[in-house]
Amino acid sequence: MFDLDYALSLLPILAQGLLVTVQATILGMLLALLLGLLLAIARRSRLRPLAWASAGWIEFVRSTPLLIQLYFLYYVLPETGLGMPALVTGILALGLHYSCYCAEVYRAGIEAVPRGQWEAAQSLGLRGPRLWWLVILPQAIPPQLPALGNYLIAMFKDTPLLSAITVMELLQIARISAAEQFSYLEPLTLVGLIFLLLSLIAAQGVRWLEARYAPVERTS
């Protein structure tokens, strides 16, 4: 039977794990958005080695499991003298992994910008960062917000993998509490409900952003 009193007593300690989970998600997504944009731009570079290296890195990361990448960064990389705290390693792994998915989303948005927009901006003397910042990205990113939002939710649900490198996130704390009391129903139920609730809230936030920044359709 579900013990409500026991479940309520777990809320304070689960809140600590939730804070770590949210922190890892937000920082990991910010890193993914930034690195993904750089990878997408690099993939369109006229420098063939840079474009090939970017494309190769994207395919490599997308084709290997996030869990293996976590293990490599946390257990193998320190042997080269580049050890990091567990949470920092987890954020880095999430950011690197999802940056490659975000890069493909950015690429789809960039390629959807009409060629005439590029030519018109260049005819006005816009080049380099100004061309991207003022003309291309404002048209390329808004239509891709739903896809980027989906990856945010997916990253949030992938944070339990950080327990594999000793990060005390939400699920890890629930598992420890369950093992101490020999009762798994209440902790795991609460964790599932928390993930469900926050995922639904995030989905609503993505829909709001989509409606807020949706491209305006022109009528003739």
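What nm distance separates the two modelled labels at W118 and S183, each placed 7 Å from Cα along Cα→Cβ?
Between W118 and S183, the label points sit 6.3 nm apart.
Sort all Cα-Cα distances of the stretch 1-148 into consecutive 5 angstrom bins from zero, then give the percent of pairs in each bin up to the one containing the longest distance.
Pair shares across the bins are 2, 9, 13, 16, 15, 13, 10, 8, 6, 4, 2, 1, 1, 0, 0.
Give the peptides 76-82, 62-68 in descending order of average Cβ contacts within 10 Å, highest first.
62-68, 76-82
Quick check: pseudo-label points 7 Å beyond the Cα along Cα→Cβ at N150 and L38, how many nm apart are they?
Here the answer is 2.7 nm between the modelled labels.
Determine the calculated [θ] at 222 nm for the chain from helices alone, applying -39500 (n - 2.57) to every DSSP H run no shorter than 4 residues and normalising by the residue count; nearest 500 deg cm²/dmol.
That comes out to -24000 deg cm²/dmol.
Pairwise over distinct Cα atoms, reciprocal of the mean inverse distance: report the Kirkwood radius of the stretch 74-215 in Å, one decimal place.
Roughly 18.3 Å, rounded to one decimal.
Among A179, M168, L37, which residue has its Cα furthest toward the positive end of the charge dipole of the chain, with +1 on Lys/Arg Cβ and -1 on Asp/Glu Cβ?
Selected residue: L37.
Quick one: Cα convex hull volume of the stretch 7-78, Å³ per residue?
Each residue corresponds to 126 Å³ of Cα convex hull volume.
Using only the alpha carbons of the stretch 78-134, determine the length spanned along each of the three principal axes and report them from longest to shortest in whole angstroms.
52, 21, 17
For the stretch 19-167, what's the relative contact order in percent, using C-alpha pairs closer than 8 Å and at least 6 residues apart?
35
Values quoted throughout were computed directly from the atomic coordinates according to the rules given, and no laboratory measurement underlies them. Fair warning: this is a prediction, and the values are worked out from it, not measured in the lab. With ideal geometry, Cβ positions are generated from the backbone for all residues, glycine too; neighbour counts draw on all protein chains shown.
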